[in-house]
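Beneath this line is the structure, given in structure tokens, with notes to follow.
Only the coordinates and a few stated rules stand behind these numbers; no lab work does. Since we're looking at a predicted model, the values are computed, not measured. No Cβ is skipped: glycine too gets one built from the backbone with ideal geometry, and neighbour counts run over all protein chains shown.
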Amino acid sequence: MVEGLRHLIELQSLDDQLRTLEEEHAAVPNRRDEFERRGQACEAKCSAASDALSAARSEQRRVEGILQEQEALLQKLEGQQLQVKTNDAYTALLHEMDRARQAMSDCETRILESMDAIEAARGSEVEAQLEREAVREQIVVEAKALDERERELNDELARLRPDRDGVCALLDTELLAQYARIAKRRSPAVVRIANEMCVGCRVNIPPQSYIEILKGERIIACGNCQRILIHAERVAAGTDP
Ligand SMILES: [Zn+2]
């Protein structure tokens, strides 16, 4: 029976290792998607920066267009100065010329502002492009490490799965079935006893069961959580009676 418990402990240990490795292995595609998302985020940032730069440039061109129109208008109005006949018409013309000059001055201010905006947008674009390069390089390194890790995981799993089959083959069928039943619901399925208590659920073991466990004559499950109980020292030191 002690021999059976040893195999059971071994099986539990293999299952623990396998579960950890399988979880990591299952997370690999998500990590690859994460690389993809990071790359796309940088790409989006770059194209937003380029769009902002284009918008700033076209705003500058638009205001330059307005400035040219106002300059042409002012020239036309200046040309009309000698043709006006009344004081009122002359005053009105001067007003119109002032308005055109004011509009030109506003345009010049806006052109200066848009030059600043273009400068800032160009800076942001360069920054986004540099960040994209850095992230791309980083992703290449991380993806390579992930590929390597995936190979290691596959190797480890390929090594441990036959080991597990080997241990299962050594176990009594009923005991294996009992283990499988518990393992489906609770992990670990096999637990140590400490201070006459089940380590899995922290409930005391009745004295009668404890004596039986010490004798090692049959497999005892925790009355509360159904886990298989083992007395570590007894298993380590003992031989089958
Ligand atoms: Zn328990």
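Structure notes:
- Cut-off of 10 Å, at most 14 other beta carbons, DSSP loop: longest stretch of the chain lacking such GluC sites (Glu not before Pro): 1-195
- The P(r) of the range 33-95 has a tail past 15 Å containing 71 percent of all C-alpha pairs.
- Mean silhouette area of the chain, derived from the convex hull of its C-alpha atoms and averaged over all directions, reads 24.0 nm².
- The angle separating the long axis of helix 87-170 from the principal Cα axis of greatest extent in the chain is about 20 degrees.
- No Cys partner within the rule (Cβ under 4.7 Å), the chain: C42, C46, C107, C168
- Sparsely packed trypsin sites (Lys or Arg not before Pro) within the range 160-241, loop by DSSP, other Cβ within 10 Å at most 12: R202, R218
- Percent of Cα-Cα distances greater than 16 Å, calculated over the range 173-237: 40
- Partner lysines whose Cα lies under 19 Å from the Cα of K76, excluding those fewer than 8 positions away in the same chain, are identified as K85.
- In the range 1-97, trypsin sites (Lys or Arg not before Pro) in a DSSP loop with at most 14 other beta-carbon atoms within 10 Å: K85
- Inter-label distance, nm, simple model (7 Å from Cα along the C-beta direction), D155/E174: 4.3
- Ignoring lysines fewer than eight residues from K144 along the same chain, the ones with Cα atoms less than 30 angstrom from its Cα are K45.
- Principal-axis analysis of the Cα atoms of the chain puts helix 28-80 at an angle of about 10° to the longest axis.
- Highest-fluctuation residue, S54, S124, S105 considered, GNM on the chain with Cα pairs under 10 Å: S105
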